[in-house]
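So the structure is just underneath, and the comments pick up after that.
Read-outs throughout are calculated quantities, based only on the coordinates presented, and are distinct from any laboratory measurement. No experiment lies behind these values; they were computed from the predicted model shown. Cβ sites come from the backbone with ideal geometry, for glycine too, and all protein chains shown count toward neighbours.
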Amino acid sequence: MNTELFTITDKNRDTPAARAAVQRAGNILRAGGLVAFPTETVYGLGGDALNPESSRRIYAAKGRPSDNPLIVHICRWEDLAPIVREIPETAEKLGKAFWPGPLTMILEKSDRVPGETTGGLSTVAVRMPSDQTAISLIREAGGYVAAPSANASGRPSPTLAKYVEEDLGGKIEMILDGGQACIGLESTIVDLTEAVPTILRPGYITKEMLSKVLGEVETDRAILPEGSDIAPKAPGMKYRHYAPKAELTIIAGEEEAVVRRINELAMEAERRGYRSGVIATNATLGRYRATLIKSAGDRAEGAETARELYRILREFDEAEVDVIWSESFADDGIGQAVMNRLLKAAGHRVEKV
Ligand code: AMP
Ligand code: MG
């Protein structure tokens, strides 16, 4: 299959060519085809959420297990009611506070949403993204676009269109390129079907931000550091996601000790003929000796690390490094989401120094 690639930026967004491209993309979705598109979190692989055949195609293109449900993307608040059994007050409050934006709500689904889209669950995940191209595409497609991240299953989520092309080129009808995703990590998922709203996946919208709106909020124990043996409530969180090809280990501790230990490990690896990679920060970048050293940004700027993390993991893959060591990052605010993804990429391998 030939995959059409079209770039939409703020410069050309209002031109007839860009409008026609979004219309073409919408028609592809209405006809049961697949289109990858930018969102503020990561690129999504879109299909018509109300068409079971489209959802089957999404799973096939990604190589994703079909028990791992998709997030339904909408572009207007009015479109929520038809796909859920009821809209609880918690959803209204969160919608007002954070939509459009990087927050996904789990609600009881209505009959309009096929089981193929929800991995057989009676609940549905819904999000209203803020990215302009995403919004226009959803509107053109008829209002309901099922979209998981646009990577091949098991690879880091794409934050650039070229990574979508790498994983899905030839398997889907079209890719809309909107430049680098500005958040860089997947949406926060909050389950509103429980007595107490529960975070199933940490993201840019933090527990503190949710608590300000809702009061009490819990975190699914499975995604806490000590809970790695418990089955998570978001089926997708059980898979070893976000995996680089090389073995990744997090080295945690005081900066001096971390730098010393990583250099020791990297030198030993190089001596044995392996290519080594290091995920550093701006302050420590110049202090490592390894095949490839990348900065995840300023240690105080968690948002920067969030934006760069998946790109860095993919660049290590491109450079075919064999082993990677990463510094550890602050576990507050967006840092919680960063550490959640980094720990998964590392298969929870952490060495404390
Ligand atoms: P992705 O779009 O690749 O970020 O994957 C969507 C994530 O949302 C996966 O981790 C799913 O398991 C999760 N998810 C989607 N629908 C539900 C649902 N109804 N209940 C719990 N988790 C869900
Ligand atoms: Mg994903």
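Yes or no: the range 259-275 includes at least one residue that is within 28 Å of TYR163 (Cβ to Cβ), surrounded by 15 or more Cβ atoms within 10 Å (Cβ to Cβ), of a type in the set (A, V, I, L, M) and within 16 Å of ligand 2 (Cβ to nearest atom). Among the residues of the range 259-275, not one is within 28 Å of TYR163 (Cβ to Cβ), surrounded by 15 or more Cβ atoms within 10 Å (Cβ to Cβ), of a type in the set (A, V, I, L, M) and within 16 Å of ligand 2 (Cβ to nearest atom), which makes the answer no. Could you list all residues from the range 148-161 that are out of contact with any helix residue (DSSP H, G or I) (no Cβ under 8 Å at 6 or more places or on another chain) and either within 11 Å of ligand 2 (Cβ to nearest atom) or farther than 11 Å from ALA36 by Cα (or both)? Across the range 148-161, the qualifying residues are SER149, GLY154.
Taking the criterion of being within 22 Å of the chain's Cα centre (by Cα), surrounded by fewer than 20 Cβ atoms within 10 Å (Cβ to Cβ) and small (Gly, Ala, Ser), the residues of the range 53-94 that qualify are ALA60, GLY63, SER66.
The single condition among (1) in a loop (DSSP other than H, G, I, E, B); (2) closer than 22 Å to ASP167 by Cβ that LEU313 does not satisfy is (1).
Hey, can you tell me all the residues within the range 21-44 that are crowded, with 22+ Cβ neighbours inside 10 Å, within 18 Å of LYS171 (Cβ to Cβ) and not aliphatic (A, V, I, L, M)? PHE37, TYR43, GLY44 - these are the residues of the range 21-44 that are crowded, with 22+ Cβ neighbours inside 10 Å, within 18 Å of LYS171 (Cβ to Cβ) and not aliphatic (A, V, I, L, M).
Residues checked against (1) away from ligand 1 (no atom under 16 Å from the Cβ); (2) among the basic types (Lys, Arg):
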{"residue": "VAL190", "(1), (2)": "no, no"}
{"residue": "TYR204", "(1), (2)": "no, no"}
{"residue": "VAL213", "(1), (2)": "yes, no"}
{"residue": "GLU218", "(1), (2)": "no, no"}
{"residue": "PRO235", "(1), (2)": "no, no"}
{"residue": "ILE251", "(1), (2)": "yes, no"}
{"residue": "ARG260", "(1), (2)": "yes, yes"}
{"residue": "ALA266", "(1), (2)": "yes, no"}
{"residue": "ASN282", "(1), (2)": "yes, no"}
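Filter the range 285-299 down to the residues that are of a type outside the set (D, E, K, R) and either in contact with a strand residue (DSSP E or B) (Cβ under 6 Å, 6 or more places away or on another chain) or farther than 12 Å from PHE329 by Cβ (or both) and list them by number. Result: LEU285, GLY286, TYR288, ALA290, THR291, LEU292, ILE293, SER295, ALA296. Identify, from the list GLY46, GLY63, GLY33, the residue that is touching a strand residue (DSSP E or B) at 6+ places or on another chain (Cβ under 7 Å) and either more than 13 Å from ligand 1 (Cβ to nearest atom) or of a type outside the set (Asp, Glu) (or both). Answer to the check: GLY46.
Taken over the range 303-326, the criterion of being closer than 21 Å to GLY253 by Cα and buried (at least 24 other Cβ atoms within 10 Å of the Cβ) is satisfied by THR305, ALA306, LEU309, ILE324, TRP325, SER326.
With the condition kept exactly as written, say whether any residue in the range 89-101 is on the phi > 0 side of the Ramachandran plot, touching a helix residue (DSSP H, G or I) at 6+ places or on another chain (Cβ under 7 Å) and more than 16 Å from ligand 2 (Cβ to nearest atom). Checked against the condition, which is being on the phi > 0 side of the Ramachandran plot, touching a helix residue (DSSP H, G or I) at 6+ places or on another chain (Cβ under 7 Å) and more than 16 Å from ligand 2 (Cβ to nearest atom), the range 89-101 yields no hits at all.
Just to verify a result, which residue in the range 141-163, among those that are within 30 Å of SER110 (Cβ to Cβ) and away from ligand 1 (no atom under 11 Å from the Cβ), is surrounded by the most Cβ atoms within 10 Å (Cβ to Cβ)?
Once the filter is applied, the top-ranked residue is VAL145.
For the range 327-343, residues that are crowded, with 18+ Cβ neighbours inside 10 Å and of a type in the set (D, E, K, R) total 2.
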